[in-house]
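A short worksheet on the structure shown next.
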Amino acid sequence: MFDFKTVSLSEDGKSLVILDQTLLPGEMKYLTLHTEESIWEAIYKLRVRGAPAIGVAAAYGMYVAADSCVTDSVEVFMKELERIKTYLGSARPTAVNLFWALDKVFAAAQDAAEKSGKNPDAVAEIKLAMRKEAERIHEEDIITCMLIGENCLELLEPGMGILTHCNAGALATAGIGTALAPIYVGNSRGYGFKVFADETRPLLQGARLTAWELSQSGADVTLICDNMVSLVMKSGKIRAVITGADRIAANGDTANKIGTSGVAILAKEYGIPVYINAPLSTIDMECRTGADIRIEERPGEEIYKMWYEKPMSVEGIKTFNPAFDVTDNKYIAAIITEKGIARPPFNESLNNFFK
Ligand code: MRU
């Protein structure tokens, strides 16, 4: 369906390859990364972004960075691995998939280390186990996206107007996305959805990425500014809001791109259901509520400089630039995962997914 690959391992298995999303929609350029610093930078700068894609990139990134560690000592290798894990984990704090993927690859390494005994090839075996785990995470994400798409489609009707915020599409995952997955699945069956993408300031994921990838797929997409959401909702053009998530607490409170909570509050006013599409790996049962979720703050220049030819405010102006907000569970009609649809009370329904 798409002629791009968001994230992959190079053919020789030595590098993480990502589509540099900071250049979209103007330029499609792939970056081949093999140092831990370049991988950290790519995640921090949102060259690769979106919770599941960050997870896959981190999994391959950890393997690639550790692969260059030359030692025969399992102990030295595992220490180095722990350092790389902490380092990559410091790139962005909110998307739990980053930590989830790093933990998984680390656990695979630990497991292989325990099994290796006094084997002289132990380090090579550990590296192989890490690579396999990263590839598994990648493949699983592709299937998960399809399942989320199928499950969410049950809630939608042909021709519906749907608002989405930020980008939770193919560019945010290794597959067909989460929020956009039902749109791709439905459209392939003739549903003809009418999608509204809000631009999603300050980094414009809606304008630059969602509008681009939906257009590429042939979907009917209309771009609006963030502050037009209320008017468009009131006009009756939107019958569902679908977004992704960066971290979902055990009670259903959901951290997603800044602005999501405002969209959800407006949707409640207009009687429009809000659906959160996310893999189980985005649900953090250790966070009891949204108050436990750490929100990333980013440089203020993203607000008034980054996309403009000249600064659009006073040079050095005081800014506040939280990258995410938490939508309280009372504004969420359902959370759609690969395992099915969770309805309120989320404490119960989300917990059931993990039994
Ligand atoms: O800062 P970003 O672009 O990484 O934020 C992305 C989002 O908020 C997405 O909605 C979320 O990660 C889900 S992606 C399937």
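Please tell me if K45 is surrounded by 19 or more Cβ atoms within 10 Å (Cβ to Cβ) and either closer than 30 Å to L204 by Cβ or at pLDDT 95 or above (or both).
no
Can you tell me how many residues in the range 68-99 are outside any loop (DSSP other than H, G, I, E, B) and in contact with a Gly (Cβ under 8 Å, 6 or more places away or on another chain)?
4
Looking at G26 and the list (1) crowded, with 20+ Cβ neighbours inside 10 Å; (2) over 19 Å from the mean Cα position of the chain (by Cα), which single condition is not satisfied?
That leaves (1) as the condition not met.
Given the conditions (1) open to solvent by 10 Å² or more (accessible area, probe 1.4 Å); (2) within 16 Å of the ligand (Cβ to nearest atom), which single one is not true for V195?
That leaves (1) as the condition not met.
With the structure loaded, tell me whether G13 is within 16 Å of the ligand (Cβ to nearest atom) and either part of a helix (DSSP H, G or I) or over 24 Å from R247 (Cβ atoms) (or both) or whether it fails that test.
no
When you look at E27, is it assigned by TED's automatic domain parsing to the domain that holds T94, within 26 Å of L180 (Cα to Cα), of a type outside the set (K, R) and more than 11 Å from the ligand (Cβ to nearest atom), yes or no?
So E27 fits the description; yes.
Look at A42 and say whether it is more than 29 Å from S188 (Cβ to Cβ), in the same structural domain as R131 (by TED's automatic domain parsing) and assigned to a helix (DSSP H, G or I).
Spelling it out, A42 is indeed more than 29 Å from S188 (Cβ to Cβ), in the same structural domain as R131 (by TED's automatic domain parsing) and assigned to a helix (DSSP H, G or I).
Restricting attention to the range 225-273, which residues are within 13 Å of the ligand (Cβ to nearest atom), within 19 Å of E199 (Cα to Cα) and of a type in the set (V, I, T)?
V241, I242, T243, I258, T260, V263
Taking the range 197-211, which residues are under 21 Å from M1 (Cβ atoms) and either part of a strand (DSSP E or B) or among the aromatic types (F, W, Y) (or both)?
Once the filter is applied, which keeps residues that are under 21 Å from M1 (Cβ atoms) and either part of a strand (DSSP E or B) or among the aromatic types (F, W, Y) (or both), the range 197-211 yields only A197.
Is there a residue in the range 160-170 that is open to solvent by 50 Å² or more (accessible area, probe 1.4 Å) and assigned by TED's automatic domain parsing to the domain that holds P182?
No, every residue in the range 160-170 fails to be open to solvent by 50 Å² or more (accessible area, probe 1.4 Å) and assigned by TED's automatic domain parsing to the domain that holds P182.
Between a residue in the range 333-355 that is modelled with pLDDT of 95 or more and any residue that is open to solvent by 90 Å² or more (accessible area, probe 1.4 Å) and not acidic (D, E), which pairs come within a Cβ distance under 7 Å, given they are 6 or more apart or on different chains?
Partner pairs satisfying both residue conditions: A334/R343; S349/R343; F353/K339.
For the range 171-192, enumerate the residues that are within 13 Å of the ligand (Cβ to nearest atom), in contact with a Phe, Trp or Tyr (Cβ under 8 Å, 6 or more places away or on another chain) and either hydroxyl-bearing (S, T, Y) or open to solvent by 10 Å² or more (accessible area, probe 1.4 Å) (or both).
I176
Against the condition within 25 Å of L209 (Cα to Cα), more than 16 Å from the ligand (Cβ to nearest atom), in contact with a strand residue (DSSP E or B) (Cβ under 7 Å, 6 or more places away or on another chain) and open to solvent by less than 50 Å² (accessible area, probe 1.4 Å), how does L19 come out, does it pass?
When the stated conditions are applied, L19 does not pass them.
Regarding L214, is this residue open to solvent by 10 Å² or more (accessible area, probe 1.4 Å) and either in contact with an Asp or Glu (Cβ under 6 Å, 6 or more places away or on another chain) or not acidic (D, E) (or both)?
Here the answer is no, as L214 does not meet what is asked.
Hey, among the residues in the range 99-121 that are of a type in the set (A, V, I, L, M, F, W, C) and under 15 Å from V76 (Cα atoms), which one's surrounded by the most Cβ atoms within 10 Å (Cβ to Cβ)?
Going through the qualifying residues, I end up with A109.
Can you tell which of L223, L203, L231 is under 20 Å from the mean Cα position of the chain (by Cα) and not small (G, A, S)?
L203 is the lone residue from the list that is under 20 Å from the mean Cα position of the chain (by Cα) and not small (G, A, S).
Looking only at the range 108-153, count how many residues are among the hydrophobic types (A, V, I, L, M, F, W, C) and free of Cβ contacts under 8 Å to residues at least 12 places away in the same chain.
1
Do the conditions hold for I258, that is, is it open to solvent by 20 Å² or more (accessible area, probe 1.4 Å) and under 18 Å from the mean Cα position of the chain (by Cα)?
yes
Does I335 satisfy being assigned to a strand (DSSP E or B), surrounded by 13 or more Cβ atoms within 10 Å (Cβ to Cβ) and assigned by TED's automatic domain parsing to the domain that holds A264?
Yes; evaluated as a whole, the condition is true for this residue.
The values are calculated or read from the model by the stated rules, or taken from the named source; none is laboratory data. Since the model is a prediction, treat every value here as computed from it, not as a measurement. Virtual Cβ from ideal backbone geometry, glycine too; neighbours counted across all protein chains shown. Surface areas here come from the heavy atoms of the whole protein model, side chains and all, with no ligands, DNA or RNA. Shrake-Rupley method; radii C 1.70, N 1.55, O 1.52, S 1.80 Å.
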